[in-house]
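Novice: So that we are looking at the same thing, I have put the structure below in structure tokens.
The numbers here are math on the coordinates, done by the rules we state, and not lab data. These numbers come from a predicted model, not from an experiment.
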Amino acid sequence: VHPILKERCLSCHSPGGEGYAKSGFSVVSYQSVMKGTKYAEVIVPRSSLASTLVRLIRHEADPSIAMPKNHVHGKPSDWLTERQIQLIAAWIDQGAKDN
């Protein structure tokens, strides 16, 4: 999961990034991912269905907050692949462990 977050999310969701500035969500470390946003946690270990992060990356939330955003194109081909989403969901369902 870490390589996916690093490749696809880090540029916006790290200190100084637009996503971090808006939400407070950082993917810099396991601890920051588990902390969530300045509003709430985004991962519920053992429940991808209850995890906001999964709803956001599946584009099941308000389109204005769906992730990831691509500020140039903003089209579905810029989104995480279904396989990447499945890996993140499986990691959460398995307890979202730091491993």
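Novice: If one puts a single equal scatterer on every Cα of region 1-68 and applies the Debye formula without solvent, what log₁₀ I(q)/I(0) results at q = 0.15, 0.17, 0.23, 0.29 Å⁻¹?
Specialist: Debye intensities relative to I(0), on a log10 scale: -0.42, -0.55, -1.06, -1.59.
Novice: Compute the relative contact order of the chain as a whole-number percentage, counting only Cα pairs closer than 8 Å that sit 6 or more residues apart in sequence.
Specialist: The normalised contact order for the chain reaches 22 percent.
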